[in-house]
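Please treat every number below as a calculation from the coordinates, not as lab data. The shown structure was predicted, so the numbers you read here are calculated from the model rather than taken from an experiment. As a convention, Cβ positions derive from the backbone with ideal geometry for all residues, glycine included, and neighbour counts pool all protein chains shown.
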Amino acid sequence: MNSILKKASSAVLEAGDIIKEGWKKPKNIKHKGRIDLVTETDLAVELFLKEELSKILPGSSFLAEETAGNAKLGDRTWIIDPIDGTTNFAHGLPMIATSVALWVDGSIALGIINLPILNELFTAVKGGGAFMNAEPIHVSDCVSLEDSLVATGFPYAIEEHVDFITKALSKVLLSTQGVRRPGAAALDLAYLACGRYDGYYENALKPWDTASGWLLVEEAGGTVSDYKNNEFNLFSSSILATNSKLHEPLGKILRSCL
């Protein structure tokens with residue numbers, strides 16, 4: 001698996017060059033929904049990754065954001081988000097990520113999150129720890145909510161979730177040192193894994209948003225569940241990820257808002 005990770009990481013870094021090139025040019029933006037965007041760069045990166053990852057594992061399948069359709073998880077499935085934070089990309093904000101995970105026989109075997117504009121590459125293999133730019137990382141040791149920095153995000157279907165979001169945000173703001181909302185779930189989970197955040201929560205994410213970050217956080221010593229503290233899976237309707245020490249107190253706040 002480490003050999004596959006090395007080859008896949010190289011492909012993801014090459015995809016980052018496509019993003020950097022697109023970053024410099026005018027954006028051709030289309031709408032998938034009222035506030036859900038896609039650009040030519042999203043499509044180009046996804047196509048490139050599918051071609052390159054097919055060479056690494058011939059016969060593997062794909063669950064990728066822009067071409068997911070009715071695709072399902074197979075025995076060996078690459079889960080791809082070409083640009084997590086497309087709205088950021090479209091507006092020239094650097095908080096964007098490419099996320100690639102490999103699903104093998106019922107679990108995430110490896111995860112890669114590249115922040116191409118910020119030049120940070122996060123990687124993990126199941127059972128092998130988590131790394132940023134090849135250096136080991138670990139979640140924070142914060143034990144107090146009032147000393148914690150927490151991240152969140154807002155789903156595209158904001159109308160369906162706005163009551164919970166505003167209620168939870170109010171309570172979390174009053175209980176912590178602060179809340180951040182960069183707008184890219186993969187980046188949020190990577191930042192949690194390396195100790196920059198102490199907790200993270202969000203509603204209504206897709207498998208390609210969480211697959212790599214889920215593995216990164218757990219390999220870095222953190223805990224991932226849904227808001228009700230049920231075991232997390234790629235199709236969970238919510239995600240709560242923490243440094244483990246704050247999982248129960250942060251989860252209690254979120255559950256009080258359901």
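Between rounded, prolate and oblate, where does the stretch 2-137 land on the alpha carbon gyration tensor, with a ≥ b ≥ c its root eigenvalues, rounded for a/c under 1.5, else prolate if a/b exceeds b/c? Mind dumping the intermediate values first?
Working: a/c = 1.94, a/b = 1.32, b/c = 1.47.
Taking the square roots of the gyration eigenvalues as a ≥ b ≥ c, the stretch 2-137 is oblate.
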Q: For the stretch 2-137, calculate the relative contact order in percent as a whole number, restricting contacts to Cα pairs under 8 Å that are 6 or more residues apart.
A: 19
Q: Could you tell me which of L189, T166, S148 has its Cα farthest along the dipole of the chain towards the positive end, charges placed at Cβ (Lys, Arg +1; Asp, Glu -1), taken about the Cα centre?
A: T166
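First check a/c for the stretch 145-255, with a ≥ b ≥ c the square roots of the eigenvalues of its C-alpha gyration tensor; if it is under 1.5, answer rounded, and if not, answer prolate when a/b is larger than b/c or oblate otherwise. Can you show the working numbers first?
Values: a/c = 1.39, a/b = 1.04, b/c = 1.33.
Rounded, since a/c falls under 1.5.
Can you bin the stretch 135-175 into rounded, prolate or oblate? Criterion: square roots of the alpha carbon gyration tensor eigenvalues sorted a ≥ b ≥ c, rounded for a/c under 1.5, prolate for a/b above b/c, oblate for the rest. Please report the intermediate quantities before stating the final value.
On the way: a/c = 5.48, a/b = 1.67, b/c = 3.29.
Verdict is oblate for the stretch 135-175.
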Q. Taking the Cα centre of the chain as the origin, how large is its charge dipole in debye, to the nearest 20, when only Lys and Arg (+1) and Asp and Glu (-1) carry charge on their Cβ atoms?
A. 220
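When a footprinting reagent is the concern and you count Cβ atoms within 10 Å, what order do H138, H31 take, fewest first?
Working: H138 15, H31 9.
Lowest count first: H31, H138.
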Q: Could you go through the stretch 204-212 in sequence order and give the Karplus-derived ³J(HN,Hα) for each residue, using 6.51 cos²θ - 1.76 cosθ + 1.60 with θ = phi - 60°, rounded to whole Hz, and x for Gly and Pro?
A: 6, 8, 9, x, 6, 6, 10, 4, 5
Q.
If amide hydrogens are placed 1.01 Å from N in the peptide plane, which non-local residues have theirs closer than 5 Å to the one on Y197?
A. L192
Q. Top mean-square fluctuation among D84, D75, D198, Gaussian network model of the chain, C-alpha springs under 10 Å?
A. D75
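Could I get the Rg over Rh figure for the chain? Both from C-alpha atoms, Rh via Kirkwood, rounded to two places. Present the calculation step by step, with values, prior to reporting the outcome.
Details: Rg = 17.2 Å, Rh = 18.2 Å.
For the chain, the value is 0.95.
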**Q.** Burial order of peptide ranges 5-14, 160-169 (average beta-carbon count within 10 Å, highest first)
**A.** 5-14, 160-169
Q | Cα-Cα separations in the stretch 86-167 greater than 18 Å, expressed as whole percent | A | 65
Q.
Springs between alpha-carbon pairs under 10 angstrom, Gaussian network model over the chain: which of P58, P207, P155 fluctuates most?
A. P58
